Each structure stands twice: as C-alpha cells, then as structure tokens.
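Participant: A single structure is presented below for examination.
The values are calculated or read from the model by the stated rules, or taken from the named source; none is laboratory data. Model, not experiment: these values are computed from the prediction. Cβ sites come from the backbone with ideal geometry, for glycine too, and all protein chains shown count toward neighbours. Accessible surface is based on the protein model in full, side chains and every heavy atom, while ligands, DNA and RNA are left aside. Shrake-Rupley method; radii C 1.70, N 1.55, O 1.52, S 1.80 Å.
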Amino acid sequence: MTHGPRRIVCLTEEPTETLYALGEQDRIVGISGFTVRPAVARKEKPKVSAFTSAKIGEILKLKPDFVIGFSDIQAEIAGELIRHGVEVWISNHRSVDGIIDYVRRLGALVGAADRANAYADELRRGLDAIQAQAAALPCRPKVYFEEWDEPLISGIQWVAELVRIAGGDDIFPERAAESLAKQRILEDPSEVVRRAPDIVLGSWCGKKFRPEKVAAREGWDAIPAVRDGELHEIKSPIILQPGPAALTDGVREIARVIAAWGVRRG
C-alpha cells in the first residue's frame, strides 16, 4: 500500500533530487524548470515553475495532492495554490543540519522514513570524512563566496558551513546568518578587500562566473586571492540549493579547491 501523497509537484530542485535518491520519483508529477539533478528528471517530468513564479493552471491540471516549495520567496505561489485547495509544504531550512533534517522529514512524509534516515546518515558521514581530511591542511584559507555580482551578494548559511567543513573560513560569517539575499548585499565592495580572502569562490545563480571581471574591480588587485589567481567557479546547481547536491558534489568541489590551495602554499 502506498503511504503519503501520490501526486507531488516540486517547486524547487532539492525535493526532486531527494525523492529520486529515495526511489520515490514515481510520485513526482511536476518539477521546477531549474532542475538539473538528476538529469533524468528533466526528461521525465513536466516543468511547471521557476523560482519566483509558477504556472498555476498547469500545476492544477496535474491534480497534485501535495506541493513542495522553499522559503518566503515562494510564499505567493504557495498562497495561490492553497486558495485553490492544494496542500503545500514550504520548507525554510538554511543550514547543513537543516538540509539533513529536511531529507528525513521528506522521507517520512512519503512513507520512506527508514530509507531517508539511512540516506541522511550517509550524507553526514560524507561530510565528516571531508572535515577529517581538511583537518590535515597546514592552514585554513580565508574564503569569500560570491552568490551574485550585481550587486555583490555573499554566501548563505549552508554555504558558509560547507566552506568551514571543507577547511576554510568564510569572511562574512555575520552575513551568512541572514536568510534573505537582500541582507547579504555588500554595499561597500572594498569590505572584501579589507577582509583579504585567500580564495574567491563564485557561484552567480544562473550565469557563468567571470574571474576576469572580479579581478578588474577597483582595488581588488590587493586581495591575496586575486593576486594569486585563486578565483574559482562553483557551479550554482551543486551549491545554491539546500539539498543533497550541496552536501555531496558542492562541498567536494569546495574541498578540492581548498586542498589545491594548501598544496600550492606548501
């Protein structure tokens, strides 16, 4: 007997990736157009939403018994669906622990609690292994993570935590604690210069990171990361969504960059 919702629409990528990982993908009837993980989802499932907008009529035609979204940014979409009688869950997790708990909760909702707990434990073990390897680094680099360039937006909480797990220290920890992107806008770009990061990680949501544009910013030639050519892109699909991708490929890519920096430092 099937437990839990049978016709799920996922308004963001992380529930889609999680449900596929748990073998519950047959429940999914619609996904976000930004979904890239797993690749097969884009071929199999209709795309019915962006991040700040959704095709409400198309979603209703799918007759979902459950819609999953993320954060206050999707509040209006959620409200409209609720007014049409659809059950909606908007998660609002922003930390590594929150992502792992999200996997457990989503699994429980679809009657796959045991598989979800095992998967969450596996994700945690992977993070613990990366943290143990990072402990062997000769020193910890200061890291600036840039989520957007116009205006400059620094990294959110789970990103800052993954940087720490991978062996670095985020230079804007006080900003990372802010859940809203507008609260992570750097009004004064010279603040990055003053904090002198050893590594710059760029993940410009939806567009390619341009190291040469970063290096050309006024006064930024004084930053160690710019001077040493330590400007690296982390692809947005593997780090900017609070789901399994960030805790696997995302953190591994950050750890690879930091480890290579450590080797070059000797």
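Participant: Measuring with a 1.4 Å probe in the full set of protein chains, what accessible area per residue, in whole Å², belongs to the chain? Display every interim value, and only then the final one.
Facilitator: Values: 12120 Å² over 266 residues.
Per residue, the chain has an accessible area of 46 Å².
Participant: So what's the convex hull volume per residue for the Cα atoms of the stretch 1-130, in Å³?
Facilitator: Working: hull volume 13.2 nm³, N = 130.
Here the figure is 102 Å³ per residue.
Participant: Semi-axes, largest first, in whole Å: what does sqrt of 5 times each Cα gyration tensor eigenvalue give for the stretch 160-266?
Facilitator: Values: eigenvalues 83, 65, 37 Å².
Working from the Cα gyration tensor, I get semi-axes of 20, 18, 14 Å.
Participant: Still on this structure, please answer the following. Cα convex hull of the stretch 141-222: mean projected area in nm², to one decimal? Each step should come with its number before you reach the end.
Facilitator: On the way: hull surface 20.2 nm².
Averaged projected area of the stretch 141-222's Cα convex hull equals 5.1 nm².
Participant: Across the Cα atoms of the stretch 25-70, what radius of gyration and what greatest pairwise Cα-Cα distance (Dmax) are found, in Å?
Facilitator: Radius of gyration, then largest Cα-Cα span, for the stretch 25-70: 10.1, 25 Å.
Participant: Assuming a strict under-15 Å limit between Cα atoms, what lysine pair count do you get for the chain once near-sequence pairs (fewer than 8 apart, same chain) are dropped?
Facilitator: Qualifying lysine pairs in the chain: 9.
Participant: Rounded to the nearest Å, what's the spacing between the alpha carbon centres of the stretch 196-231 and the stretch 81-148? Just the number, please.
Facilitator: So the two Cα centres are separated by 28 Å.
Participant: Something else about it: Take the chain, compute every pairwise Cα distance, and split them into 10 Å bins from 0; I just need the percent in each bin.
Facilitator: Histogramming the chain at 10 Å steps yields 7, 29, 32, 21, 9, 2, 0 percent.
Participant: Kindly list the residues of the stretch 20-39 that lie in the label zone of residue 65, defined by a backbone N under 12 Å from the point 7 Å along the Cα-to-C-beta vector.
Facilitator: Output list for this probe position: 27.
Participant: Give me the Kirkwood hydrodynamic radius of the stretch 84-242 in Å, from all C-alpha pairs, to one decimal place? Each step should come with its number before you reach the end.
Facilitator: Working: mean 1/r = 0.0585 Å⁻¹.
In the stretch 84-242 this quantity evaluates to 17.1 Å.
Participant: May I ask you to order 143-155, 4-16 by the average number of other C-beta atoms within 10 Å around their residues, highest value first? Walk me through the numbers before you get to the answer.
Facilitator: Values: 143-155: 20.8, 4-16: 23.8.
The most tightly packed comes first, giving 4-16, 143-155.
Participant: Let me know the charge dipole size of the chain about its Cα centre in debye, to the nearest 20, where only the beta-carbon of Lys, Arg (+1) and Asp, Glu (-1) is charged. If you can, show how the numbers build up before the last one.
Facilitator: Working: 37 positive and 39 negative charges, 134 e Å.
Dipole about the Cα centre, nearest 20: 640 debye.
Participant: Can you give the three extents of the C-alpha atoms in the stretch 104-169 along their principal axes, from longest to shortest, in whole Å?
Facilitator: 42, 36, 11
Participant: Show me, for the stretch 98-110, the HN-Hα J-couplings you get by feeding each phi into the Karplus relation (A = 6.51, B = -1.76, C = 1.60, θ = phi - 60°), rounded to Hz, glycine and proline as x.
Facilitator: x, 5, 5, 5, 4, 4, 5, 5, 5, x, 5, 4, 9
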